[in-house]
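Data block below; observations after.
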Amino acid sequence: MVSQGSSSSLLEALSSDFLACKICLEQLRVPKTLPCLHTYCQACLAQLAEGGHLRCPECREVVPVPPGGVAVFKTNFFVNGLLDLVTARAGGDLRAGKPACALCPLMGGTGTGGPATARCLDCADDLCQACADGHRCTRQTHAHRVVDLVGYRAGWYDEEARERQAAQCPQHPGEALRFLCQPCSQLLCRECRLDPHLDHPCLPLAEAVRARRPGLEELLAGVDSNLAELEAAWTVEKEALARLREQAAKVGMEVEEAAERVLRALLAQKQEVLGQLRAHVEAAEEAARGRLAELESREQVARTAATFARRVLSLGREAEILSLEGTIARRLRQLQGCPWAPGPSPCLLPQLELHPGLLDKSCHLLRLSFEEQQPQKDGGKDGAGTQGEDQDRTDKQGSGVQSKSGDVTKFHKEDGAQIQREDGAQTPKEDKAQISKEDGEAQPEKSGRSNRRRKFKARLKSLSREPSPAPPANLECSSLLPKPIFFCSFPTRMPGDKWSPRITGLCPFGPQEILVADEQNKVLKRFSLNGDYKGTVPVPEGCSPCSVASLRDTVAFSAGSRLYLISPDGEVKWRRALNHSQASHAVAALPSMDRVAVSVSGYVEVYNLEGSLATRFVPGGKANRGLRALVFLATSPQGNFVGSDWQQNRLVICNGLGQVIGEYGGPALHGCQPGSLSVDRKGYIFLTLREVNKVVVLDPKGSLLGDFLTAYHGLEKPRVTTMVDGRYLAVSLSNGTIHVFRVRSPDS
């Protein structure tokens, strides 16, 4: 008897790939079962056997091949029975596309039998209507189950057919397997039972199953228990992996913040040292100018007296010489008695001294430490406690930070000396005195080096305590910021390039396409958003395109001191001369007005597609003429202009009339000059900061929202950016690579 499974379970087994060989991917033929319980065709296993072993294609377990070959492996009668059922449902002999009766040819008829309309589940034969009626009227077959063939083919009687199905003996065709030889554990038909196994104790199949089922069920229960343990272990591993990824992301952000603090401190030290250098040089130059003026004055006096005395001696008469002899002698003796003596403090030559740790390859400001994960009993509480303990330990060690390359920073106090920090901690009086002397007057070389090293260590100690620029209070929630989703990355160097690319301009070009201005190779390259190379847009000979923008079916770009408008096939529509005093000119498109804007010596000039100057203005009015230098330019969907002002180190937003409606020059710039600009469809501004490997995002009014991309996202000296389709930000790097990120808006 088949277990009380639903017909859907049997139908699922018949319709799934359960009956397909995983090697040839076809229906199993002569199915053989390996010790690992995976079943394959006998012929397929024979191809895998090599050196007396074969490896299971699914579980990769190595199985020894019996001496008699793969044919000795157990025949899977369970699969055979299902295959017989599938074959019977599919039909055997066909005549005109219909199954034929299996009994008509046995009754002396010629040819094949008549069309079958019924099936006997016990005999497994298709019957015509006459044979089906006779089948029910004989003594041997009156108890057989005869069913409608159409219903059988539809699967209505699958369960009933399985119950009446008998496994056939492979040694004696037509004989069903009925017994189990207990010593040999072999299935027997009546013929097998009478000859070699006559003296062996045998059991009918039903009785043998009842005897052996409890043992199998017990083993199955043990495997189910193992499965539950494996599932629990799998869950633990997945959770551990999730915690690892979460911690890695957190550590990555900490590394970014720590590196930014170090960089800001180094930039601050750079400005401080350069300021000291300028002050020293200016003071030395002023003192030298005074000494030079005095030398010139004394030289003039001495030269005048000597010239007068020489003329008197050469041209004067005796009486004249003698009359002036006393006066000349006194003056010459007076001049000889006042020799020039250089000052006690000649010009001191500046020398740069680096902290030894910066040149020591074994000295790491950042270092990773690894701890075993502890099982979390109460999710958030344990995590919060661990974070608090780590923070306390970090503060005690002097601000430890973590990095992707590797290392936790630990700054130690040296010789008990305390240095003044940015947070207001006090310094011993002798250190203050030394610092003040260092700033005001020359100190011995040893003392100067010591002071500089102390100040350098003090700066390092204060790095991790220096807060990052915070966004406005109502924007501190990170969910209000646009988020980057990495899309793809591709190089822009092509086989025909003579030099490494220097990308100076990017712009969208048609649907999901980017136009790249490669100034080094003097070419405009086309790439799909996926990085597929689409060819070039020809440019006039000798032109090195700098900034580029596309509008309708035209391309505008600046090259040298000219602005060009060309067609995609390279035809020049017009060219305009620009100011020669500016090295590069930023170009931006105004799609809503079919115009092109270009920055020229503090102005913004706007041209229509015919090449006529439509308007010209100075951001902020003519009073700011000469006070602004827009090196990068972009336009917003609202029709506003956004520019990077290198003259005032600010980002400026103005309307079409030149009125400034927003500016930003806050601490998020880190003292860097604002770089390339892009604006998405919602008006968010993406500003590139090349020196610190960042792209920050601002709202349409110019208020800082926070970091959008950092070195953690693979940014290494970003140059220019562009927004494609209003939602893909393309960023070019100094090495010619372009990264593409999809911008996920806060409300998506």
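For the structure I just gave you, tell me whether N579 is open to solvent by 20 Å² or more (accessible area, probe 1.4 Å) and farther than 23 Å from V604 by Cβ.
It is false that N579 is open to solvent by 20 Å² or more (accessible area, probe 1.4 Å) and farther than 23 Å from V604 by Cβ.
Pairs only if they're at least six apart or on different chains, beta carbon under 9 angstrom, first in region 220-237 and hydrophobic (A, V, I, L, M, F, W, C), second open to solvent by less than 80 Å² (accessible area, probe 1.4 Å); list them, first residue then second.
none
Yes or no, residue by residue, for (1) basic (K, R); (2) modelled with pLDDT of 80 or more; (3) closer than 21 Å to D125 by Cα:
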| site | (1), (2), (3) |
| --- | --- |
| E12 | no, no, no |
| S15 | no, no, no |
| A20 | no, yes, no |
| H53 | no, yes, no |
| G68 | no, yes, no |
| A71 | no, yes, no |
| N80 | no, no, yes |
| A96 | no, no, yes |
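Give me the pairs, please: first residue somewhere in region 123-137 and at pLDDT below 80, second residue anywhere and of a type in the set (S, T, N, Q), beta-carbon distance under 8 Å, and either six or more positions apart or on two chains.
C123/T141; A124/Q165
Yes/no per residue for (1) on the phi < 0 side of the Ramachandran plot; (2) at pLDDT 90 or above; (3) of a type in the set (K, R); (4) open to solvent by less than 20 Å² (accessible area, probe 1.4 Å):
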{"site": "L689", "(1), (2), (3), (4)": "yes, yes, no, yes"}
{"site": "K694", "(1), (2), (3), (4)": "yes, yes, yes, yes"}
{"site": "V697", "(1), (2), (3), (4)": "yes, yes, no, yes"}
{"site": "G702", "(1), (2), (3), (4)": "no, no, no, yes"}
{"site": "V720", "(1), (2), (3), (4)": "yes, yes, no, yes"}
{"site": "S732", "(1), (2), (3), (4)": "yes, yes, no, yes"}
{"site": "V740", "(1), (2), (3), (4)": "yes, yes, no, yes"}
{"site": "R744", "(1), (2), (3), (4)": "yes, no, yes, no"}
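Can you tell me how many residues within region 531-554 are surrounded by 14 or more Cβ atoms within 10 Å (Cβ to Cβ), of a type in the set (G, A, S) and not in a strand (DSSP E or B)?
Residues flagged as surrounded by 14 or more Cβ atoms within 10 Å (Cβ to Cβ), of a type in the set (G, A, S) and not in a strand (DSSP E or B) within region 531-554 amount to 3.
Taking the options V572, V606, V618, name whichever one is over 21 Å from T688 (Cα atoms), touching a helix residue (DSSP H, G or I) at 6+ places or on another chain (Cβ under 8 Å) and surrounded by fewer than 21 Cβ atoms within 10 Å (Cβ to Cβ).
The match here is V618.
Using beta carbons and a limit of 7 Å, which pairs, at least six apart or on different chains, have the first residue in region 712-727 and farther than 27 Å from A259 by Cα and β-branched (V, I, T) and the second one buried (at least 18 other Cβ atoms within 10 Å of the Cβ) and at pLDDT 90 or above?
From region 712-727, the pairs are V724/P508; V724/I514; V724/L529; V724/A730.
Within region 145-181, how many residues are open to solvent by less than 50 Å² (accessible area, probe 1.4 Å) and modelled with pLDDT of 75 or more?
Selection size over region 145-181: 11.
Enumerate the pairs (first residue in region 302-327 and modelled with pLDDT under 90; second residue anywhere and loosely packed, with under 12 Cβ neighbours inside 10 Å) with beta-carbon separation below 8 Å, excluding pairs fewer than 6 apart on the same chain, so at least 6 apart or on different chains.
Within 8 Å, the pairs are V312/E320.
Please count how many residues of region 678-710 are more than 19 Å from E257 (Cβ to Cβ) and more than 21 Å from the chain's Cα centre (by Cα).
Count: 12.
Step by step: first the residues of region 704-718, then only those that are of a type outside the set (D, E) and not in a strand (DSSP E or B), then the one that is most open to solvent (accessible area, probe 1.4 Å). Which residue is that?
Within region 704-718, the match that is most open to solvent (accessible area, probe 1.4 Å) is K717.
Just the residues that are among the β-branched types (V, I, T), farther than 19 Å from C169 by Cα and in contact with a Pro (Cβ under 8 Å, 6 or more places away or on another chain), please, taken from region 29-85.
Hits for region 29-85 are T39, V63.
When you check E254 against the structure, is it open to solvent by less than 30 Å² (accessible area, probe 1.4 Å) and in contact (Cβ under 8 Å) with a residue 60 or more places away in the chain, yes or no?
The answer is no for E254.
Among the residues of region 636-654, what is the count of those that are of a type in the set (S, T, Y) and touching a residue at least 60 places away in the same chain (Cβ under 8 Å)?
Looking only at that region, the number is 1.
Which one is least open to solvent (accessible area, probe 1.4 Å), of the residues in region 623-680 that are of a type in the set (D, E, K, R) and at pLDDT below 85?
R628
The values are calculated or read from the model by the stated rules, or taken from the named source; none is laboratory data. The shown structure was predicted, so the numbers you read here are calculated from the model rather than taken from an experiment. Methodologically, a virtual Cβ is constructed for each residue, glycine included, from the backbone with ideal geometry; neighbour enumeration extends over all protein chains shown. Protein only, heavy atoms only, side chains kept; ligands, DNA and RNA dropped before computing areas. Shrake-Rupley method; radii C 1.70, N 1.55, O 1.52, S 1.80 Å.
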